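I have placed the structure first, in the form of structure tokens, so that the comments after it can refer back to it.
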Amino acid sequence: MKRALPFLLIAAVLAIALVIAWSLMRSGTDAPIPSATPVVSQSVSPNNPAPPTPAAIAEPGADPPHAEGPANALVTIEEFGDFQCPPCAMLHPVLKEMEKEFGSKLRVIFREFPLVPAHEHALSAARSAEAAALQGKFWEMHDLIYTNQNAWKNAFDVRPIFEEYAKTIGLNLERYRQDLTSETVQNRIFLDGKRARALGVKGTPTVFLNGREVPFPSLEPTKLRPLIEAEIASRSK
């Protein structure tokens, strides 16, 4: 009996431990689970056009943003782009087409999201566009860089190429060179990247339509157009 006593004590301790563990598991199951605040709302679709509640925890990004179209437009498209990204270059004329079609009902915002180191010249391109912006020529540089992507994406040194673009759009070249590495330019790219990460952006192009992410296959004109039309219709009621 004395020999069995230690084993009986161990068994009792194990039994008590099991009861406590089961009790804790039970209480954990019954306890309410706090829900996380979503950063990105559900994807937009023609049947789901209403704008979502703004994500409270999303970073604002560079301010003011680079935007074409009125601030009170019914539809805002926010693109996170990389100038060396081929799909971004393909999206560029699509968005231009949408701007022409919808006029003042559409606002397009561009956010810098260079995918480095995968795209070795993406950061240089972003800096060039931001340096041009300091002379009021962001969209002119933006358009030239995207339109001529094939001419520079495989270049060993893109600086002289972008300087030619700067001359083409009439920039002060000396100021442009100084601004390329300025704190203002660096900070704008950083803030746009911070917003991208807050919204869960992983790649480019990532596009939000009135706050909802548009699935990549829906960025072609025949699919993007009805999404914009549905959003306009829902906000015009």
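The values are calculated or read from the model by the stated rules, or taken from the named source; none is laboratory data. For clarity, every value in this text was computed on a predicted model and none was experimentally measured. Note that each Cβ is placed from the backbone with ideal geometry, even for glycine, and that neighbours are counted across all protein chains shown.
Go through the stretch 78-93 residue by residue and tally those that are outside any loop (DSSP other than H, G, I, E, B) and under 15 Å from the mean Cα position of the chain (by Cα).
Qualifying residue count, the stretch 78-93: 7.
Any idea which of (1) closer than 18 Å to Pro65 by Cβ; (2) touching a strand residue (DSSP E or B) at 6+ places or on another chain (Cβ under 9 Å) is the one Lys105 doesn't satisfy?
With respect to (1) closer than 18 Å to Pro65 by Cβ; (2) touching a strand residue (DSSP E or B) at 6+ places or on another chain (Cβ under 9 Å), Lys105 is out only on (1).
Condition first: surrounded by fewer than 23 Cβ atoms within 10 Å (Cβ to Cβ) and not hydrophobic (A, V, I, L, M, F, W, C). Now tell me which residues in the stretch 110-123 satisfy that.
Pro117, His119, Glu120
From the list Phe208, Phe190, which residue is buried (at least 21 other Cβ atoms within 10 Å of the Cβ), out of contact with any helix residue (DSSP H, G or I) (no Cβ under 7 Å at 6 or more places or on another chain) and assigned by TED's automatic domain parsing to the domain that holds Val116?
Criteria check complete, one pass: Phe208.
Can you give me the ranges of the helices (runs of 4 or more DSSP H) entirely in the stretch 134-220 with at least 1 residues that are touching a strand residue (DSSP E or B) at 6+ places or on another chain (Cβ under 6 Å)?
By residue number, 138-147, 183-198.
How many residues does the stretch 97-109 contain that are within 19 Å of the chain's Cα centre (by Cα) and either of a type in the set (Lys, Arg) or under 16 Å from Gln186 (Cα atoms) (or both)?
1
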